[in-house]
Amino acid sequence: MLASALSSYRGRFAPSPSGPLHAGSAVAAVASYADARASGGKWLLRIEDLDTPRNAPGAVETILNQLRALGMVWDEDIVFQSRRMSAYQSAFNTLLSLNLIYPCGCTRREIADSAVQGPLRRLDGERPYPGTCRLGLPTGRQPLSWRVRVPQGSYRFEDRWQGWMEQDVAHAVGDFVVKRADGVWAYQLAAVVDDAAQQITDIVRGEDLLTSTARQNMLREIFGYPQPTVLHVPLVVDQEGQKLSKQNGAKALDLSRPLEVLQQAWVDLGFERVVATNIETFWSAACSVWAQGPSRANLHGTPQRPYDPR
């Protein structure tokens, strides 16, 4: 839209079909779309439908219609995670051949109890795995999930908007799950495998996934995948300060006023409303602002730092 048509940029939006898009997911969608179009790159769509018990009937078509109504057009065939089981199994087999994963017999309740009672309790909500099954299943335990062995040391990465970040995954998270007890492939593994398959160069997503970045980079390093750049945008919260989500009853977007939905998402990103009379003029104006390195954006009320529009 604004940059060279020869751009190698490949971004993506990856909603889960547990319900329609809401104000929070609109912010992530608008940011990822603006970043891709302002860079003259491609914007891909992936439906993360692995968690089948949470998938809502008709949600996929609803999400596609919502995106169309907001003027967001994806550039390639939609990828459905539910159709990529063999790719995740292949990645799992690679980890197994390298002795980097092991079966775990611990329940979520046991891990939560150990985090609350022990020295690993953390204020950020993470419940680090204490390593109970790392050296083998305790007597009488049956394998439930599979976990990856996390090496000691910190992982550093630069968020394009929030600056340099660092996480000691072993301490903050511990050995994390790559295959759940119910047999579902874990988000961390599936997202990494899919980003590599779709040749994603730039990830723009919500700030709630900022803490996933280090462990995903760790997996990419193991598999030899390229490391995409990342940009995490602020979350939309309710009056109690809780993140809007489909699980807590966030309302679906009101698409009787699609231009207002886009303007509100833009304001939630920290920008001033753009002058626009329709969807087309909104995107033209918004992408122009995004590409300039917007000085008006002030996420979280923090001091403005140089923004890399790529």
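The values are calculated or read from the model by the stated rules, or taken from the named source; none is laboratory data. Values in this document were obtained by computation on a predicted structure and should not be read as measured data. Don't worry about glycine lacking a Cβ; one is built from the backbone with ideal geometry, like all the others, and counts go over all protein chains shown.
Looking at (1) basic (Lys, Arg); (2) in contact with a Phe, Trp or Tyr (Cβ under 8 Å, 6 or more places away or on another chain); (3) closer than 13 Å to ASP194 by Cα, which is the only condition ARG84 fails?
Looking at each condition in turn, ARG84 falls short on (2).
Filter region 229-257 for residues that are modelled with pLDDT of 95 or more and within 30 Å of PRO53 (Cα to Cα) and give the result.
Correct list: VAL230 only.
From the list ALA23, ALA5, ALA14, exactly one residue is out of contact with any Gly (no Cβ under 9 Å at 6 or more places or on another chain), modelled with pLDDT under 95 and farther than 14 Å from TRP283 by Cβ. Which is it?
One residue alone meets the criteria, ALA23.
Please indicate, with yes or no, whether at least one residue in region 98-106 is at pLDDT below 95, within 20 Å of the chain's Cα centre (by Cα) and crowded, with 17+ Cβ neighbours inside 10 Å.
Within region 98-106, none of the residues are at pLDDT below 95, within 20 Å of the chain's Cα centre (by Cα) and crowded, with 17+ Cβ neighbours inside 10 Å.
Determine if region 73-83 includes at least one residue that is among the charged types (D, E, K, R) and either at pLDDT below 95 or within 26 Å of ILE222 (Cβ to Cβ) (or both).
Looking through region 73-83, at least one residue is among the charged types (D, E, K, R) and either at pLDDT below 95 or within 26 Å of ILE222 (Cβ to Cβ) (or both).
Is one or more of the residues making up region 171-181 modelled with pLDDT of 95 or more, among the acidic types (Asp, Glu) and touching a Leu at 6+ places or on another chain (Cβ under 6 Å)?
For region 171-181, residues modelled with pLDDT of 95 or more, among the acidic types (Asp, Glu) and touching a Leu at 6+ places or on another chain (Cβ under 6 Å): absent.
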